[in-house]
1. Quick one: would you say Ile246 is touching a strand residue (DSSP E or B) at 6+ places or on another chain (Cβ under 6 Å), at pLDDT 90 or above and either buried (at least 22 other Cβ atoms within 10 Å of the Cβ) or on the phi > 0 side of the Ramachandran plot (or both)?
2. Within region 277-293, which residues are part of a helix (DSSP H, G or I) and surrounded by fewer than 16 Cβ atoms within 10 Å (Cβ to Cβ)?
3. For region 195-239, enumerate the residues that are on the phi < 0 side of the Ramachandran plot, in a loop (DSSP other than H, G, I, E, B) and over 30 Å from the mean Cα position of the chain (by Cα).
4. What do you reckon, is Val23 over 17 Å from Pro280 (Cα atoms), part of a loop (DSSP other than H, G, I, E, B), over 29 Å from the mean Cα position of the chain (by Cα) and modelled with pLDDT under 90?
5. Cβ-Cβ under 8 Å, sequence separation 6+ or interchain: first residue in region 55-75 and free of Cβ contacts under 8 Å to residues at least 40 places away in the same chain and surrounded by 14 or more Cβ atoms within 10 Å (Cβ to Cβ), partner among the hydroxyl-bearing types (Ser, Thr, Tyr) and in a loop (DSSP other than H, G, I, E, B). Which pairs?
6. Which of the following residues is surrounded by 18 or more Cβ atoms within 10 Å (Cβ to Cβ), in contact (Cβ under 8 Å) with a residue 24 or more places away in the chain and closer than 25 Å to Ala102 by Cβ: Ala231, Ala266, Ala260?
Amino acid sequence: MAVARPALRSGAASRPPDGFRTVTTVVSLAAPVVLVAIVLVVGSGALPAIRHFGLGFFTSRAWDPVRDKFGALPMIYGTVVTSFLALVMALPVGIGVAIFLAQQGAPRIRAAIGTGVELLAAIPSVVYGIWGLYVLAPWLLIHVSRPLSTRLGSIPIFAGPALQTNLLIASIVLAVMVLPTLSAISRDVIRAVPSGMREASVALGATWWETTWKVVLPAARAGIFGATILALGRALGETIAVTMVIGNRHDIPTSLLLPAYTLASAIANEFSEATGTLYPSSLIFLGLVLMLVTLAVNVIALLLVRSISREARV
């Protein structure tokens, strides 16, 4: 004799239990709460410098711990320039690698290259710094920096004297460091493009390059842009490797062949030596500035990604 079972309400089976929903809600709120807490702690530590310097901290070039005069403009300049140059160098290489890894055929070669690129992300930052300082910097000085300053020294960005640690070497090291993030995420985004779009393009007579350039990349541009912003965030916050190769000079160089400073490297170099009230507070203020720069970049990126996604739907 069959036993009648009570009918389930519509949607009851797919609805998560109330306890599970509460736990996931609490966990999801943990990230923004921690972020707000970090901002409050950093802001409270930077409060003496904020009160003393105000907005002039962002525009001042001074950095004199003896006289308690501090300004963040040289560090902001170095951070933005090195990150931008690193992205310019890494973007075409990263997207090229992603296109190659996302295509079918030659699985062994693709697997080897993909593993090699992903292993770059596992190398510690200090190892990149050692490689940049003792291997890449001397080679770059002899074969690139000095010839550039000799032959193109009349151009301000290549003016000498060329030094071994400078903006250029820091940008190259950063480009290598952000390459795994850029290529891995771009590869997954390109693979997510529906195969029907590729097949339709080929059926219409398009070549592989035309299909990739005119169909695949436009369809994946929102995701590639997101990968680019993630790579930019990694470049903005990098500390140890940049500290070892950028030269650490409080200045705004007009040449790529001269030393500079970044927000993160200034904090790493000087925080252990900071004494008094304004000196450590100014360094904490630099950390707050770095957080604000990163936040601004992510907000702008989010708005641009939404705009690109909206255009793609249209």
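1. Values: touching a strand residue (DSSP E or B) at 6+ places or on another chain (Cβ under 6 Å): yes; at pLDDT 90 or above: yes; either buried (at least 22 other Cβ atoms within 10 Å of the Cβ) or on the phi > 0 side of the Ramachandran plot (or both): yes.
Answer is yes for this residue.
2. Our first condition is that a residue be part of a helix (DSSP H, G or I); within region 277-293, this holds for 278-293.
The answer is Leu292, and nothing else.
3. Filtering region 195-239 for residues on the phi < 0 side of the Ramachandran plot gives 195-204, 206-239.
Pick out the ones that are also in a loop (DSSP other than H, G, I, E, B) and you get 204, 206-207, 238-239.
Of everything in region 195-239, those that are on the phi < 0 side of the Ramachandran plot, in a loop (DSSP other than H, G, I, E, B) and over 30 Å from the mean Cα position of the chain (by Cα) turn out to be Leu204, Ala206, Thr207.
4. Details: over 17 Å from Pro280 (Cα atoms): yes; part of a loop (DSSP other than H, G, I, E, B): no; over 29 Å from the mean Cα position of the chain (by Cα): yes; modelled with pLDDT under 90: yes.
Here the answer is no, as Val23 does not meet what is asked.
5. Every condition considered, the pairs that remain are Lys69/Ser60; Gly71/Ser60.
6. Details: Ala266 fails: closer than 25 Å to Ala102 by Cβ; Ala260 fails: closer than 25 Å to Ala102 by Cβ.
Of the residues listed, the single one that is surrounded by 18 or more Cβ atoms within 10 Å (Cβ to Cβ), in contact (Cβ under 8 Å) with a residue 24 or more places away in the chain and closer than 25 Å to Ala102 by Cβ is Ala231.
Every residue, every condition in (1) surrounded by 12 or more Cβ atoms within 10 Å (Cβ to Cβ); (2) without any contact (Cβ under 8 Å) to a residue 24 or more places away in the chain, yes or no:
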site	(1), (2)
Thr79	yes, no
Leu85	yes, no
Pro92	no, yes
Gly96	yes, yes
Leu101	yes, no
Arg108	no, yes
Ala112	no, yes
Ser125	yes, no
Ile130	yes, no
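The values are calculated or read from the model by the stated rules, or taken from the named source; none is laboratory data. Since we're looking at a predicted model, the values are computed, not measured. Because the Cβ atoms are built from the backbone with ideal geometry, glycine has one as well, and the counts that use them run over all protein chains shown.
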